[in-house]
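One structure is given here, and the rest of the page talks about it.
The values are calculated or read from the model by the stated rules, or taken from the named source; none is laboratory data. A quick note: this is a predicted structure, and the numbers were derived from the prediction, not measured. For neighbour counting, all protein chains shown are included, and Cβ atoms are generated from backbone atoms with ideal geometry for every residue, glycine included. What goes into the accessible areas is simple: the full protein's heavy atoms, side chains included, and nothing from ligands, DNA or RNA. Shrake-Rupley method; radii C 1.70, N 1.55, O 1.52, S 1.80 Å.
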Protein chains: 2
Amino acid sequence: MKKLINGVDTVLQESLDGFVAAHSDIVAMGQDRKFVRRAALNPGKVGLISGGGSGHEPLHAGFVGFGMLDAACPGEVFTSPTPDQMLEAADAVDQGAGVLFLVKNYEGDVMNFEMAAEMASGTVATTIINDDVAVETSTFSTGRRGVAGTMIVEKIVGAAAEAGADLASLKALGDRVNESSRSMGVALTSCTVPAAGKPMFEIGEDEMEMGVGIHGEPGRRRVALKPAADIAEEMIEAVCHDLNPKGDVLLLVNGFGATPAMELYLMYENARRALAKRGVKPVRSLVGNYVTSLDMAGCSLTLTSVDQEILQGWDAPVHTPALRWGM
Amino acid sequence: MKKLINGVDTVLQESLDGFVAAHSDIVAMGQDRKFVRRAALNPGKVGLISGGGSGHEPLHAGFVGFGMLDAACPGEVFTSPTPDQMLEAADAVDQGAGVLFLVKNYEGDVMNFEMAAEMASGTVATTIINDDVAVETSTFSTGRRGVAGTMIVEKIVGAAAEAGADLASLKALGDRVNESSRSMGVALTSCTVPAAGKPMFEIGEDEMEMGVGIHGEPGRRRVALKPAADIAEEMIEAVCHDLNPKGDVLLLVNGFGATPAMELYLMYENARRALAKRGVKPVRSLVGNYVTSLDMAGCSLTLTSVDQEILQGWDAPVHTPALRWGM
């Protein structure tokens, strides 16, 4: 295992310390590193909290800040955070208007966020994100997995929360953006969890895992590596078959961590062509490493069907470590 | 070779097409893909042009836009663009106030930008960037290599150009920011140029290349992989020995393309500690993949000694595909 670390036991804490130090104008550390929160809260606003296993950076802590999350709870690598982390985060950011949990659909995460919601003193609602069309159930999930669509939900719900929407409206919006979003991923290499010290899975020099999850979970099939155009076509077909987009979409080409920007933009071009054949047009685009799997090579494509409300939410000002525009 | 491509001959063109399509609100393609330019120019402003071999994305095209470059000329992977690319870019963005070339110190780039400067009809000045302290001469350079400090020069000179500075002032500022900036890199793996189809160099499972260049060129020494704290200490010592920073600095932790954010932030934390021991404080920070080497794992550390003018330039609004704040 080749990593820039000091030891497997301190990876998360040193990485979090660096993250909070590098972005101290935006975020602050919660007690005992249980959560990362906004340095300054917006009084009266519904608190938005997400979290999950680490190793997907910048998700989630990189999206804490104006226009997105109020707090993020980092679990150990590929491991759900604990209910007490979510409870303390909720206590820290609840301004009296309630808290919305944004939770990726994995059994551990869903169970722990549910426990935290039951134990919380304030009002809590939850939106579950399950945008991955690759498989119906998986290693860590009952039902579809939550993957890169999560950051789109966080962005659009975040904008509405900033504009003063109440808890019920935000939950409804989160559910709607989730239902409007579908993703699929492909891996060319495995990823290596520091504590395990070896790749999550073996994959041949001429193979790819089509429909891979963001923890290196198996996807639909292990097949020979194909040209990018064929990969994009298969992923777009799977996503469009399920989403049935009617016109304008947001297209996210998300790198898993080890794939260069040059290839991600090439995949964007091939995805765009596959969409054009179907009369679907990306009116908003994002290309980069946003919902990653440590050092896995590969990418996912996410489509969100957009309307005026979703576009306004996407375009609204945001000021977080990993996403910033309009301010 | 495992890459998301259709063929080695179309990597650059498809990637550029995707890039321009994804960011059509900011950039436009020059004729025959010779350069990428701002979609809208700012009349009367000095034109800033950079360029170099592809494979370092988002450098340079990702920094075209308000507050940074007016145009970028992409060469083939790890190959200088040609003088006619630079000439056509200069013609396209020269608003009568002259053009400043920002050139990384590699023999091919310097020679071609020089030829273009001689052939240009308008007034041209050039700032050479040579921030890499690792080696005095290298595979592709006479004198120090230009690496991640390039984006800092582009940002600060870009802000001054936007504010109306003239060509001579901008060249002087570019030279000064370059002289205030020093970098050093480390590689854990090689990178693979698509047309070559195999890694640039061989490296053992327990080795790292200390002082590596951004084309996989050899650095200072091939040594056993060490803890992140030792790596950061050696890099910070090399940079500080040369730069001799007196107080406040800008600290850039730059990923080479295949190293996850988690490790980059951990390196930030270790670099910050190494600086603290020396009484040096990062008052501005940037962590991410900005000046990459295709799929190489590793990172570089860049320090820029800051003063009021440099800080103002850094903080000024910027709106490019890869760097955006304040607007």
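The heavy atoms of residue B:281 offer some 130 square angstrom of accessible surface to a 1.4 angstrom probe. Taking the Cα centre of region A:86-220 as origin and assigning +1 to Lys and Arg Cβ atoms and -1 to Asp and Glu Cβ atoms, the resulting dipole is close to 240 debye. When all protein chains stay in place and ligands, DNA and RNA are ignored, the 1.4 Å accessible-area order of B:88, B:205, A:234, B:114, largest first, is B:205, B:114, B:88, A:234.
Taken along the Cα-to-beta-carbon direction at a fixed 7 Å, the label points for residue B:315 and residue A:312 span 3.3 nm. Secondary-structure-derived ellipticity at 222 nm for chain B, considering helices only, amounts to -10000 deg cm²/dmol, per-run term -39500 (n - 2.57) for DSSP H runs with n ≥ 4. Couplings 3J(HN,Hα) for region A:98-115, derived from phi with the Karplus relation 6.51 cos²θ - 1.76 cosθ + 1.60 (θ = phi - 60°), are x, 9, 10, 8, 10, 10, 6, 6, 10, 4, x, 5, 4, 4, 6, 5, 4, 4 Hz, where x marks Gly and Pro. Karplus-based coupling profile of region A:276-283, in residue order and whole Hz: 4, 4, 9, x, 10, 10, x, 8, with θ = phi - 60° in 6.51 cos²θ - 1.76 cosθ + 1.60 and x standing for Gly or Pro.
With both residues required to sit in the protein assembly as shown, DSSP beta bridges show an antiparallel share near 55%.
Residue-normalised convex hull volume from the C-alpha trace of region B:184-250: 101 Å³ per residue.
Choose one of B:260, B:299, B:274: the residue whose Cα lies farthest towards the positive end of the charge dipole of region B:182-307 (beta-carbon charges +1 Lys, Arg; -1 Asp, Glu; about the Cα centre). Of the options given, the answer is B:274. For the cross-link pairs A:277/B:2; B:246/B:277; A:3/B:281; A:155/A:277; B:2/B:198, the ones whose C-alpha atoms lie over 18 Å apart are A:277/B:2; A:3/B:281; A:155/A:277. Site pair residue A:230 and residue B:179 shows an inter-label distance of 5.7 nm when each label is modelled 7 Å from Cα along Cα→Cβ. Using a cut-off of under 18 Å, list every residue of region B:1-22 whose amide N is near the label point 7 Å from the Cα of residue A:206 along the Cα-to-beta-carbon line. So the set is B:1-8.
DSSP bridge analysis restricted to region A:182-307 gives an antiparallel fraction near 70%, rounded to the nearest 5.
Other residues lying with their Cβ under 12 Å from the Cβ of residue A:25 contribute a combined charge of +2, Lys and Arg counting +1, Asp and Glu -1. Pairing chain A with chain B buries about 4600 Å² of accessible area. This figure sums both sides and uses a 1.4 Å probe. Think of each Lys and Arg Cβ as +1 and each Asp and Glu Cβ as -1; about the Cα centre, that makes the dipole of region A:196-327 roughly 320 debye.
Scanning residues 5 or more positions from residue B:285 or on other chains, those with amide H under 5 Å from its amide H are B:251, with H placed 1.01 Å from N in the peptide plane.
A cut-off of 5 Å between modelled amide H atoms, ignoring neighbours fewer than 5 places along the same chain, links residue A:76 with A:54. Counting, for every residue in B:9-16, the Cβ atoms of other protein chains within 10 Å of its Cβ and taking the mean gives 5. Taking amide H positions as modeled 1.01 Å from N, with prolines and chain starts lacking one, the residues under 5 Å from residue B:290 and 5 or more places away or on another chain are B:255. Protein-only accessible surface at a 1.4 angstrom probe places the residues A:155, A:246 in the order A:246, A:155, largest first. For residue A:2, what is the net charge nearby, where nearby means another residue's Cβ is under 13 Å from its Cβ and Lys, Arg count +1, Asp, Glu -1? With Lys, Arg at +1 and Asp, Glu at -1, the neighbours total -3. Among B:170, B:243, the sequence by solvent-accessible area, most first, with a 1.4 Å probe is B:243, B:170.
Simple spin-label estimate for residue B:246 and residue A:123 gives 5.8 nm between the two label positions (7 Å along the Cα-to-Cβ direction from each Cα).
Accessible surface calculations at 1.4 Å, restricted to protein heavy atoms, place chain B at 33 Å² per residue. Residue-wise HN-Hα couplings along region A:247-260, as the Karplus relation 6.51 cos²θ - 1.76 cosθ + 1.60 with θ = phi - 60° gives them from phi, are x, 7, 9, 9, 10, 10, 9, 10, x, 8, x, 10, 9, x Hz; Gly and Pro carry x.
For the residues of B:286-295, the average number of beta carbons from a partner chain within 10 Å of their own beta carbon is 4.
Between the residues B:48, A:95, A:225, the greatest Cα displacement towards the positive end of the dipole of the protein assembly as shown, with unit charges on the Cβ of Lys, Arg, Asp and Glu, is found for A:95. Evaluated with a Cβ-only charge set (Lys, Arg +1; Asp, Glu -1), chain B carries a dipole of roughly 720 debye about its Cα centre, given to the nearest 20.
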